[in-house]
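Colleague: Let me give you the structure first, and then I'll get to my questions.
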Amino acid sequence: MNALASLIVLSAAASELGPVAIPQHLESAYEQVAQRVSFPIVLPTEIPNVTDVGSGDFRITPEGHDSEDRYAFLIDSTAGCDNGGWCPTGSFGGEMLEGATPLIEMFGYILTLPPDSVSSEPWQEVSLTRDIQGVFVPWEKTDQCSEARIYWEQEDYRYYVGLPCENLTNLTVFANSIIENQPIPEE
């Protein structure tokens, strides 16, 4: 597991969820997204199975389709990439909950695939830190392995973390690092 080093707190990250610590190698990506998004951007302090983020082997960049009500960061790696470029290694992001936002329960479908083509861990509700409930959506494998994801809601926002072919335990660590990278809300 990788604890992201060199955390700083930027006042621009303050929101109704409070300030978040921004790892130095995420500053540029964060600032690009923060210019377009009108709700709290949350960031991880730990990404399981991703080492040396910002070292050249891994990078985190904005997805590029960010808007006022949605953002995503992509985690890419050169490790194990056959084409010599960057390969997808995961993602995390968030969106505002609005009338057209699909219910979190809608993420619970699985294609009818052979047993060796889907995670052995089923779609399920997950208990995250600070008494937050989330939903685990398992990976599927066709030509490549899709991201297993955890979705959760805080206030009027939905957040997610995703890693290809990953298990529930590691995704929970990833999600909890984002939740714990925020001040505890005042009651």
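Colleague: For an R0 of 30 angstrom, estimate the FRET efficiency from the Cβ-Cβ distance between Leu168 and Glu98 and round to the nearest 0.05. Write out the running numbers ahead of the final one.
Modeller: Working: r = 28 Å, r/R0 = 0.95.
Computed FRET efficiency for Leu168 and Glu98 comes out at 0.60.
Colleague: Quick one: if you stick a label point 7 Å off each Cα along the C-beta vector at Glu180 and Ser38, how many nm between them?
Modeller: Between Glu180 and Ser38, the simple spin-label model gives 3.4 nm.
Colleague: So for Tyr71, Tyr160, what's the accessible-area order with a 1.4 Å probe, most first? Display every interim value, and only then the final one.
Modeller: Numbers: Tyr71 5, Tyr160 25 Å².
Heavy-atom accessible area, descending, gives Tyr160, Tyr71.
Colleague: With all protein chains present and a 1.4 Å probe, how do His25, His65 order by accessible area, largest first? The partial results should precede the final answer.
Modeller: Values: His25 70, His65 135 Å².
Largest accessible area first, the list is His65, His25.
Colleague: Check each of the trypsin sites (Lys or Arg not before Pro) in region 131-161 and keep only those in coil by DSSP with at most 11 other C-beta atoms within 10 angstrom; list them in order.
Modeller: Numbers: sites: Lys141, Arg149, Arg158; in loops: none.
Qualifying residues, ordered by number: none.
The values are calculated or read from the model by the stated rules, or taken from the named source; none is laboratory data. Treat the numbers as computed from the prediction; the structure is a model and nothing was measured. Every residue, glycine as well, gets a Cβ built from its backbone with ideal geometry; the counts of neighbours run over all protein chains shown. Please note that ligands, DNA and RNA were not included when accessible areas were found on the heavy atoms of the full protein model with its side chains. Shrake-Rupley method; radii C 1.70, N 1.55, O 1.52, S 1.80 Å.
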